[in-house]
1. Could you state the accessible area per residue of the protein assembly as shown in Å², with a 1.4 Å probe and every protein chain left in place?
2. Order B:Ser78, A:Ser44, A:Ser5 by their accessible area, 1.4 angstrom probe, all chains in place, largest first.
3. In square nanometres and to one decimal, what's the mean projected area of the convex hull around the Cα atoms of segment B:66-147?
4. Could you compute how much accessible area chains B and A hide from each other, both sides summed, with a 1.4 Å probe? Nearest 100 Å² is fine.
5. Membrane-span-like helices in chain B: DSSP H runs reaching 15 Å or more (Cα, own axis), mean Kyte hydropathy at least -1.0?
6. Provide a list, ordered by number, of residues in segment B:63-104 showing at least 30 Å² less accessible area with every protein chain present than when their chain is taken on its own, using a 1.4 Å probe.
7. Given C-alpha coordinates of the protein assembly as shown, what is the ratio Rg to Rh with the Kirkwood estimate of Rh?
8. Between B:Thr14 and A:Ser187, what is the label-point separation in nm under the 7 Å Cα-to-beta-carbon projection?
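The values are calculated or read from the model by the stated rules, or taken from the named source; none is laboratory data. Since the structure is predicted, the reported quantities are computational estimates derived from the model, not experimental observations. Quick reminder, even Gly has a Cβ in these numbers, built from the backbone with ideal geometry, and neighbours come from all protein chains shown. Protein only, heavy atoms only, side chains kept; ligands, DNA and RNA dropped before computing areas. Shrake-Rupley method; radii C 1.70, N 1.55, O 1.52, S 1.80 Å.
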Amino acid sequence: MKFASAFLILIALAAASMFVGVSDVTLASLSAGDGKTWLILLDSRIPRTLALIFAGAGMAVSGTIMQMLAQNRFVEPSTAGTVESAGLGILLVMLVAPGLPVYARMLVATFFAIAGTALFLAILRQIPLRSALMVPLVGIMLGGVISAVTTFLAYRFDLLQSMGAWTTGDFSAVLRGRYELLWLSMSLTVAAYFAADRFTVMGMGEAFSSNLGINYRRVVMLGLVIVAMVTACVVVSVGMVPFVGLIVPNVVSMALGDRLRRSLPWVAMFGAGLVLACDIIGRSVIAPFEIPVGTVLGAIGSAFFLYLVLRRNSRAA
Amino acid sequence: MIRIEQAIKRYGQTCVVDGVTLTLPAGGVTSIVGPNGAGKSTLLAMISRLLGMDGGAISVGGLDVTKTPGDVLARRLSILRQDNSLTARLTVRDLVAFGRYPHSKGRMTDDDARRIEEALAYLDLKPLADRFLDELSGGLRQRAFVAMVLCQDTEYMMFDEPLNNLDIKHAVTMMRLLRRAADELGKTVVVVLHDINFASCHSDRIVAMQDGRVLCQGTPQEIVRPDVLEAIYGTSFVVQEIGGKRIATYFE
């Protein structure tokens, strides 16, 4: 079974992630019952690995839903203003109510992410789209405007340093007690699967959806809420994880198509595997230091984005 | 039966559909013809609840299209438009299977699976069933969408300019297919057409629209006449009877 072997690879990556890091965690020291090793495993390595899996799966599935929402293959939460809006929300919480618990911060970020993404979709409806590439450009510009506001505010209130926490995805600070929000993100990712058919139909457009008796607006709203909430959870807990939502849905779509009921489990698994692998790379190349996973993904992701754009154009011509 | 009473659609100051009152009996093929901007597609979109109305009432098979829940209507009427998005990369079989969604809500039964295979066979799509839509030619893709609508198995089937982008052979095949759907499967087919001769050869009724109103309606014998066509399209026609069908030419 292909799915089973892919799952085994994911398990292997997860296992590898347990043993890569500054402190030595080995099977020998674990079986010897070394208290310090177990502490590192339970408080740092397992939370980090789970966080990587949840964030990767969540962002990949969000990317897929986002692409069906915008009916465009080049969008994902970080090219649609979603991530930047969530960031603005987090900053405003820091300014106005710095004492809010993490869940409340996430809710505010979600609210901003929904508003930002809805604004993106509204702009798309307003402008004539001559090319599929216009869509991510609009999203990136909108994101740029929103993050300019965020940066300005952060600059004025001396919070630029804290901004780094959500602009670059970094899992090195993940510890038990500081990533649990991602369980919520993972539950939403799983929940998205139950609407898989409706999301596929949504990707075929409003008239197509209405013909099949599906309430288009309601499905769009559901997709928007899931994408925004997953993004907000990820951004609040580990920072922006770019490009996963772009690369993974496209690769899976090329191989399997977009009947999401079939492809979403692959998307989730591939997303988790990619983020895990990139984080292991980031942890290994300049050990004992780390390159944030966002940077590794940015390098791989932008190259892939170019490939995708060039390939599309050559086929369209 | 489709009942349209005083249907109105406005965009700003312009009235695209201007108080259309029309009754189409169940069964058979009805073609809606008329010049560009006559309101044909708008009317079809309103009949199939894709577009809201600014006034009037439309019922299909006794169901008010503005009040009946979408999923109930989806089992009674289907609409195929010409501009179908291909964002979701589906195989032909996936697409056709979505035709069963209004009935099964995603839980396919054996009966659904059988109907999907039937629809594929009906349109000779079996050999292509596992190909992706974006890999097919426009004509084959159109056929796949028609297979989906057939699979949806509704009493009323609407098609908005189904012949667009089809070459002659595929256009003829498409019209024969709509004819068969009406004759063999007892469907009520409503189709917006640009080509008056396709309408003349394949439909039981022709409804001619102009400036958002129904100008006239009747059998092909009644509509495909030089004086009537000239009134509809504003150009002169020569009509000849060839093999029992009335054919209009307008090239000189």
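1. Values: 24590 Å² over 569 residues.
Ligands and nucleic acids excluded, the result is 43 Å² per residue.
2. Numbers: B:Ser78 0, A:Ser44 35, A:Ser5 55 Å².
Final ranking, largest accessible area leading: A:Ser5, A:Ser44, B:Ser78.
3. Numbers: hull surface 23.7 nm².
The directionally averaged projection comes out at 5.9 nm².
4. Working: alone 11910 and 14730 Å², together 24590 Å².
Heavy-atom accessible area buried at this interface is about 2000 Å².
5. Numbers: long enough: B:110-122 (18 Å, -1.08); B:138-152 (21 Å, 0.67); B:168-183 (22 Å, 0.04).
In chain B, the long hydrophobic H runs are B:138-152, B:168-183.
6. Those residues are B:Ser85, B:Thr87, B:Ala88, B:Arg89, B:Leu90, B:Asp94, B:Phe98, B:Tyr101.
7. On the way: Rg = 28.2 Å, Rh = 26.3 Å.
For the protein assembly as shown, the value is 1.07.
8. 5.2
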